[in-house]
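S.K.: Mind looking over this structure? Questions follow.
The values are calculated or read from the model by the stated rules, or taken from the named source; none is laboratory data. Because the structure is a prediction, the values reported are computed rather than measured. Reconstructed Cβ throughout: ideal geometry from the backbone, glycine too, with neighbour counts over all protein chains shown.
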Ligand code: UT7
């Protein structure tokens, strides 16, 4: 049996507090002009102290469920993609299950950084196709602000908090579906982008506490090159697997890390800029949440029409990359 799987609803949630580039210039030696020219980011959202990754994820999930017309009790699978879990254990998905009241759902997390939401989409799609699960809520949620070194201008200007979600279930007659997916990993490049401390390799101790090892470290220029190549290849792969060509693609929703990366990919895919979805000026890079928030905004802004074929493509720490072609 190989049933098609559809996206029945999308949702997103970003925290209220806005941090502008000018706000950042009061904390580190940076300025709006540098950030906008080098990245395209104008502002980002910062979660409140008591607002955890699971809270952001649950709010996004509620909106996706509402749009899908599905009750929480009908959900049998919740997967959260995050690199900023509420706790190392249990999984953030367990807290989300409780907030949603989705008592029947199996809930777990996966960690694939910025590619996480598309990793989870592939996993959930395959689990639904086998018949093991019926109604899945997939979530990309991050509270990166807790894992940023706010004294490091090379990273703190880039990231933000937020969450996006989608409801997946078997496609009914006439509904669109996930046409093709691709996910990949290169574990030879773990050093390019990581949070070195706080895990078993490097626990945070009294002696190293001042070194801020539980914050994001990145070799930006190296990551940039890999990001362009991997996202271009992965997007091409899913376009081809779906039996399509670049001109058939109504919209590309790329990972929102840097406008220059997005432009470079659009260029290489030969997709015109008006068919590329961009919202990073509002949120910065929200890792696993980025594609999920962008999907929801594209959906709610009416950028996706029934029957449209569109591509989502992501890249992140791992290194990881992922892409999907969807018929809406
Ligand atoms: O989501 C996972 C994937 N992540 C990514 O895709 C990120 C990929 N990398 C990038 O987006 C870019 O490499 C960055 C935005 C991180 C950096 O842009 P860049 O054009 O590669 O700049 P750079 O690191 O080469 O820095 C250029 C200059 C340096 O000064 P010098 O050495 O030329 O004097 C930096 O010290 O800009 C300086 N600089 C800053 N200046 C003002 C670095 N950060 C800042 C800052 N404000 N925030």
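S.K.: Take the residues in the stretch 142-163 that are within 15 Å of the ligand (Cβ to nearest atom) and either under 20 Å from residue 64 (Cα atoms) or modelled with pLDDT under 95 (or both), then tell me which one is surrounded by the most Cβ atoms within 10 Å (Cβ to Cβ).
M.R.: Checked the stretch 142-163; the qualifying residue surrounded by the most Cβ atoms within 10 Å (Cβ to Cβ) is 142.
S.K.: Looking at (1) more than 16 Å from the ligand (Cβ to nearest atom); (2) more than 30 Å from residue 274 (Cβ to Cβ); (3) touching a helix residue (DSSP H, G or I) at 6+ places or on another chain (Cβ under 8 Å), which is the only condition residue 251 fails?
M.R.: That leaves (2) as the condition not met.
S.K.: Let me ask something additional. Does at least one position in the stretch 278-294 carry a residue that is without any contact (Cβ under 8 Å) to a residue 40 or more places away in the chain and either within 16 Å of the ligand (Cβ to nearest atom) or touching a helix residue (DSSP H, G or I) at 6+ places or on another chain (Cβ under 6 Å) (or both)? Quick ask: steps written out before the conclusion?
M.R.: Initially, the stretch 278-294 is screened for residues without any contact (Cβ under 8 Å) to a residue 40 or more places away in the chain, giving 279.
Subsequent filtering for residues that are either within 16 Å of the ligand (Cβ to nearest atom) or touching a helix residue (DSSP H, G or I) at 6+ places or on another chain (Cβ under 6 Å) (or both) retains 279.
Yes, the stretch 278-294 has at least one match.
S.K.: Find the helices (runs of 4 or more DSSP H) located wholly in the stretch 1-110 whose residues include 2 or more that are crowded, with 16+ Cβ neighbours inside 10 Å and touching a strand residue (DSSP E or B) at 6+ places or on another chain (Cβ under 8 Å), and list them. I'd like the intermediate steps shown before the answer.
M.R.: Details: elements: 21-25, 32-39, 53-68, 92-100.
Output list reads 53-68, 92-100.
Table: residues versus (1) closer than 19 Å to residue 64 by Cα; (2) crowded, with 22+ Cβ neighbours inside 10 Å.
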{"position": "261", "(1), (2)": "no, yes"}
{"position": "264", "(1), (2)": "no, no"}
{"position": "268", "(1), (2)": "no, no"}
{"position": "276", "(1), (2)": "no, no"}
{"position": "283", "(1), (2)": "no, yes"}
{"position": "290", "(1), (2)": "yes, yes"}
{"position": "296", "(1), (2)": "yes, yes"}
{"position": "303", "(1), (2)": "yes, no"}
{"position": "313", "(1), (2)": "no, yes"}
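S.K.: Only one residue in 318, 302, 307 is touching a helix residue (DSSP H, G or I) at 6+ places or on another chain (Cβ under 7 Å) and at positive phi, so which one is that? Steps first, answer last, please.
M.R.: Numbers: 302 fails: touching a helix residue (DSSP H, G or I) at 6+ places or on another chain (Cβ under 7 Å); 307 fails: touching a helix residue (DSSP H, G or I) at 6+ places or on another chain (Cβ under 7 Å).
Residue meeting the stated conditions: 318.
S.K.: Next question. Would you be able to tell me the number of residues in the stretch 311-328 that are more than 16 Å from the ligand (Cβ to nearest atom) and under 11 Å from residue 254 (Cβ atoms)? Give the steps one after another, and end with the answer.
M.R.: Residues of the stretch 311-328 more than 16 Å from the ligand (Cβ to nearest atom): 311, 324-328.
Filter again for under 11 Å from residue 254 (Cβ atoms), leaving 311.
Number satisfying all stated conditions: 1.
S.K.: Shifting gears a bit: Quick one: in the stretch 262-277, which of the residues that are without any contact (Cβ under 8 Å) to a residue 40 or more places away in the chain and within 14 Å of the ligand (Cβ to nearest atom) is farthest from residue 24 (Cα to Cα)?
M.R.: Only one residue tops the list, namely 264.
S.K.: Among 82, 20, 87, 53, which is under 20 Å from the mean Cα position of the chain (by Cα), without any contact (Cβ under 8 Å) to a residue 24 or more places away in the chain and not assigned by TED's automatic domain parsing to the domain that holds residue 195?
M.R.: Numbers: 82 fails: without any contact (Cβ under 8 Å) to a residue 24 or more places away in the chain; 20 fails: under 20 Å from the mean Cα position of the chain (by Cα); 53 fails: without any contact (Cβ under 8 Å) to a residue 24 or more places away in the chain.
The match here is 87.
S.K.: Scan the stretch 208-245 for residues that are closer than 20 Å to residue 192 by Cα and away from the ligand (no atom under 14 Å from the Cβ) and jot them down.
M.R.: Step one: of the stretch 208-245, the residues closer than 20 Å to residue 192 by Cα are 211-234.
Of everything in the stretch 208-245, those that are closer than 20 Å to residue 192 by Cα and away from the ligand (no atom under 14 Å from the Cβ) turn out to be 211, 212, 213, 214, 215, 233.
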